[in-house]
Amino acid sequence: MKSNEIRRIIKQGEPIVVGTTAHALLVKHSNEALRITAQLNGSYHNPDEIRSLFAQLTGTDIDDSFFMFPPFYTDFGKNITIGKNVFFNTGCTFQDYGGITIGDDTQIGQNVVLCTLNHGIAADKRQTIYPLPVVIGKNVWIEANATVLPGVTIGDNAIVAAGAVVTKDVQPDCIVAGVPAKMQKVIK
């Protein structure tokens, strides 16, 4: 199975079962991500070096306006797409098998977790992985220690408060907070 086939499976949200060829390919990419993030997190790098390592991690070009404070963690790397003027603060963890898209001018706070995978609920399905994307719009601010769960879309100009657990889509131009996150205020 080639890399583009695993991307097709992920994009369609097909389950991935431990022990299959698809799972083996995910593990291969995970090991590559571990190698690159160890290099990224293991010593000081200037902003250009950080962008270069992040480009290796994602397999895409990274805009010169991207800025990040390591450490940064991911289990796949090849399914992260980011826009221009995006900032990641320290300690972010992106579980990106299911796909993470981040729009222009977005800020991601310290220790934010973006999850794109679920496991089966039944005991005999727990090792089956179900990918769902996380989509973050433009000019979004996700504050420190927030968690965004699989399948969530966060609309343009939204703010996710510190410590929130986002389980459902967030409308544009609003602030959400809490566990689970609920709308607190419309910004405009």
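The values are calculated or read from the model by the stated rules, or taken from the named source; none is laboratory data. What you see is a predicted model, and the numbers here were worked out from it, not measured in a lab. All Cβ positions, glycine included, derive from the backbone under ideal geometry; neighbour counts span all protein chains shown. Ligands, DNA and RNA are excluded from the accessible area calculation, which covers all protein heavy atoms including side chains. Shrake-Rupley method; radii C 1.70, N 1.55, O 1.52, S 1.80 Å.
List the residues whose amide H sits under 5 Å from the amide H of Thr81, counting only those 5 or more places along or on another chain, with H placed 1.01 Å from N in the peptide plane.
Under 5 Å from the amide H of Thr81 lie the amide H atoms of Ile100, Thr101, Ile102, each far enough along the sequence or on another chain.
Using DSSP, restrict attention to beta bridges with both residues in the chain and report what percent are antiparallel, rounded to the nearest 5. Could the numbers behind the result be given before it?
Numbers: 9 of 38 bridges.
So the antiparallel bridges in the chain amount to around 25 percent.
Would you mind estimating how fast the range 1-156 diffuses translationally, via Stokes-Einstein at 10 °C and 1.306 mPa s with the Kirkwood radius over Cα pairs, in µm²/s? Please report the intermediate quantities before stating the final value.
Numbers: Rh = 15.8 Å.
Calculated translational D: 101 µm²/s.
Per residue of the range 141-153, in order, report the coupling 6.51 cos²θ - 1.76 cosθ + 1.60 (Karplus, θ = phi - 60°) as ³J(HN,Hα) in whole Hz, putting x for Gly and Pro.
Each residue's phi maps through the Karplus curve to give 10, 10, 7, 3, 6, 7, 10, 10, 8, x, x, 8, 10 Hz.
Which residue, Asn145, Asn46, Asn79, has the most motion in a Gaussian network model of the chain that connects Cα atoms within less than 10 Å?
Per the Cα network of the chain with a 10 Å cutoff, Asn46 tops the list.
Please report, in Å, the Rg and the Dmax of the range 124-188, where both are computed over Cα atoms only.
Both quantities, over Cα of the range 124-188: 12.6, 48 Å.
Return the sequence-ordered ³J(HN,Hα) values of the range 18-34 in whole Hz as given by the Karplus equation 6.51 cos²θ - 1.76 cosθ + 1.60 applied to θ = phi - 60°, using x for Gly and Pro.
Using θ = phi - 60°, the values come out as 4, x, 8, 4, 4, 5, 4, 5, 4, 5, 4, 5, 4, 5, 5, 5, 4 Hz.
In nm, to one decimal, how far is the Asn46 label point from the Asp104 one, both placed 7 Å along Cα→Cβ?
2.8 nm
For the range 1-117, give the percent of accessible area contributed by carbon and sulfur heavy atoms, probe 1.4 Å, rounded to a whole number.
Carbon with sulfur: 51 percent of the solvent-accessible area.
Can you work out ³J(HN,Hα) from phi for every residue in the range 112-127, in order, using Karplus 6.51 cos²θ - 1.76 cosθ + 1.60 and θ = phi - 60°, giving whole Hz and x for Gly and Pro?
Result, rounded to whole Hz: 6, 10, 10, 10, 10, 10, 10, 10, x, 7, 5, 3, 7, 10, 5, 8.
Heavy-atom accessible area per residue, the chain, 1.4 Å probe: how many Å²?
50 Å²
So between His119 and Thr167, what do we pick up on full extension, going 0.36 nm a residue minus the alpha carbon distance?
Here the answer is 15.7 nm.
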